[in-house]
1. Does any residue of region A:248-257 turn out to be under 20 Å from the mean Cα position of the chain (by Cα), buried (at least 16 other Cβ atoms within 10 Å of the Cβ) and either without any contact (Cβ under 8 Å) to a residue 12 or more places away in the chain or on the phi < 0 side of the Ramachandran plot (or both)?
2. May I ask you to list the residues in region A:176-220 that are among the aromatic types (Phe, Trp, Tyr) and touching a helix residue (DSSP H, G or I) at 6+ places or on another chain (Cβ under 6 Å)?
3. Being farther than 24 Å from B:Arg26 by Cα, surrounded by fewer than 20 Cβ atoms within 10 Å (Cβ to Cβ) and either without any contact (Cβ under 8 Å) to a residue 12 or more places away in the chain or among the β-branched types (Val, Ile, Thr) (or both): is that true of B:Arg183 here?
4. Select the strands (runs of 3 or more DSSP E) contained entirely in region B:290-372, then report the ones holding at least 1 residues which are facing chain A (nearest Cβ under 9 Å) and among the hydroxyl-bearing types (Ser, Thr, Tyr).
5. Restricting to region A:56-82, name every residue that is touching a residue at least 60 places away in the same chain (Cβ under 8 Å) and under 14 Å from the mean Cα position of the chain (by Cα).
6. For B:Asp282, are the conditions met, namely being at pLDDT 95 or above and more than 9 Å from chain A (Cβ to nearest Cβ)?
7. Starting from region A:210-229, take each residue that is in contact (Cβ under 8 Å) with a residue 24 or more places away in the chain and at negative phi and list its partners that are polar (S, T, N, Q) and buried (at least 24 other Cβ atoms within 10 Å of the Cβ), counting only C-beta distances under 6 angstrom and pairs at least six apart or across chains.
8. Exactly one condition in (1) closer than 30 Å to B:Arg114 by Cα; (2) within 14 Å of another protein chain (Cβ to nearest Cβ) is false for B:Thr244; which is it?
Protein chains: 2
Amino acid sequence: MTREGSLAPGGPPVYAVILAGGSGTRFWPASRRLSPKQLLPIGPAAPQSLLRRTAERLWRMVEPSHTLVLTGRHLLPQSQAELPELAESAFLAEPLAKNTAPCIAWASALVAARDANAVLIVVPSDQHAENEDAFLAVLDVAIAEANQGKIAIVGIVPTRPETGYGYIELGRRGDGPVAEVRRFVEKPNWDTAESYVRSGNFLWNAGMFVFQARTMVEAFRRHAPELARAAEELAQLDSSSGLTEERILTFFEQAPSISIDYAVMEKENALSVVAGDFGWSDLGSWESAWELGAKDSAENCGRPEDIFVDSKRNLIYAAPGEGGHKTIALVGVEDLCVIDTGDALLVVRREQSQDVRFVVEELKRRGELSKL
Amino acid sequence: MTREGSLAPGGPPVYAVILAGGSGTRFWPASRRLSPKQLLPIGPAAPQSLLRRTAERLWRMVEPSHTLVLTGRHLLPQSQAELPELAESAFLAEPLAKNTAPCIAWASALVAARDANAVLIVVPSDQHAENEDAFLAVLDVAIAEANQGKIAIVGIVPTRPETGYGYIELGRRGDGPVAEVRRFVEKPNWDTAESYVRSGNFLWNAGMFVFQARTMVEAFRRHAPELARAAEELAQLDSSSGLTEERILTFFEQAPSISIDYAVMEKENALSVVAGDFGWSDLGSWESAWELGAKDSAENCGRPEDIFVDSKRNLIYAAPGEGGHKTIALVGVEDLCVIDTGDALLVVRREQSQDVRFVVEELKRRGELSKL
């Protein structure tokens, strides 16, 4: 299913670049080193993984053959299994995690070597967009900005004084949802966040960027010249089929571990921000999986076979087991997340689901690597 | 480990008769048709089963070779496995559940055929006695009563206005903890139960009886003559080794399904009651398993490997799994029972643990027999 807009004939080709190398502990015990959040069917993505859902969302606008997936080498088979329609060459596997700048530099140089005017839409693989049409409309605007030489950042209209995100302060307003970027702000305290939301002058930075390949390549040359040179060398090898695992490893070994925000965005002038309000969520915890999931009349979110007796506002998440489904029953409980993966079970008060990290820390302390 | 008292030379032999045929749903999902409560290591019995714990408690007073275990035929292998020191002939297996009267009639006739003066201590297999010395001291008194021709009922000094038990109203007091029985009372309502406890004139009927074999055989002859005759025939066959499965089946098919209380106790005059105060519990729900279990400083009751983060007064019960232990973590929760058996998981508010029956009803409705 494609859609008018950026696929209209005549414009430069548009690539989707999906950042799928993330790891994390906030969805333990479902998320593990080898099955991080983006590979899980959490929230409204079920039964699809978030990665799959992200790709399908973008494929309404981008040809699947114009998709790149940046992932960790240890996640490559699982990522390929989620997106079987993609060629092997669509997956850029990082042998080492070096944050977002090195892999975006690589992808940008790679696409630039094919068509310097091509537009890249860089998106995380583990987010949710409730209103997909609105999401794609925002991307259309961002693509238009990109085609004017800007790095367009999709900024999310904040819905609460969130202290866990970075904010973008808006500068001069342009047409519609477009504005200049005045500055980036690190995670604020609650009072500051509250004033940001009230002012209407701040957006959340959700890590979504749209730009022409040449624009990003030149930005890297300006702000991170060594990384730019190495990335362009790598891309050059790729187009001449001389790329080896060894060369990729060397690139990542020598690359600094740095985010695209620090490496480029905070130093770059040719930025715009496009405000988006499309029911975005970063699915930051089991709490948000419950918030976004389908619920029954008692606001329980589970599988059809789960049994709820006098229980309200709970989430059940169970990995499919061997030998038939597991019966899970809740009796007289409220506001819990119950996560069963066969080898581990978590019961957490919904509002405290960010504290799952303490369990992960305890498992590390115990050396229980198989559970991490 | 034996103990003075009823093992003193000269007295008639004493038999322990353990009622281990019970089934129930209050410990679902741990308790199932083939692993009822008495076979589980719940409460302070862990890691022993309640059946094993009951036998060991009695073996401080009774020779193991003088033990009879009355159980269901479908529970025979599991029951034998719990008590491997007992001969095969120690187990009387009921092919049909017919409540307590038929199997006690059988056991009484069986022992009477060996020694009519022998004393039988009949106890359920799924109860807890916190103070075992006090428990055995009560049995000593009951044995003395039995040797005077009485059926001595161990009555529990009530600690709360419990509406789930039957009560025994005391008649004329004898020496020490002994009294006559004025009447049996069915489960009372709360106000009545409260007045009973306040009066000091009522004890809980816990289903523990002590009597000489001849006394019970004669009582059955008076109050249930057909059952008495059939039981004595069965016992006679047993002593001549002519007992077949077929004969046992016929006995139970023809026996009425009736409790020892209805069949004998409520009609019998030669009763005494011996008051016991030894930390008795019938372990009626997961709540009581938590109450009696060993707890950490936050009053959590679990396995050493369980992880509790900011959680209080919870019970974790997990069946040992294949391939290593399951990691169970609770975060920010209070007053829950979390029961994991591999194929089923229950999370229940502790105080509502009697409502587990609704889950069992739902599983029956669905026809999920493998989970029952």
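The values are calculated or read from the model by the stated rules, or taken from the named source; none is laboratory data. Everything numeric in this text was worked out from a predicted model, so none of it was measured. Cβ: placed from backbone, ideal geometry, glycine included. Neighbour counts: every protein chain shown.
1. No, region A:248-257 contains no residue that is under 20 Å from the mean Cα position of the chain (by Cα), buried (at least 16 other Cβ atoms within 10 Å of the Cβ) and either without any contact (Cβ under 8 Å) to a residue 12 or more places away in the chain or on the phi < 0 side of the Ramachandran plot (or both).
2. Looking only at region A:176-220, we keep the residues that are among the aromatic types (Phe, Trp, Tyr), and these are A:184, A:190, A:196, A:202, A:204, A:209, A:211, A:220.
Hits for region A:176-220 are A:Phe184, A:Phe202, A:Phe211, A:Phe220.
3. no
4. B:327-331
5. Matches in region A:56-82: A:Arg57, A:Leu58.
6. On the way: at pLDDT 95 or above: no; more than 9 Å from chain A (Cβ to nearest Cβ): yes.
No, not satisfied.
7. Taking only residues 6 or more apart or on different chains, the pairs are A:Ala213/A:Ser108; A:Met216/A:Ser108; A:Val217/A:Ser108.
8. For B:Thr244, the exception is condition (2).
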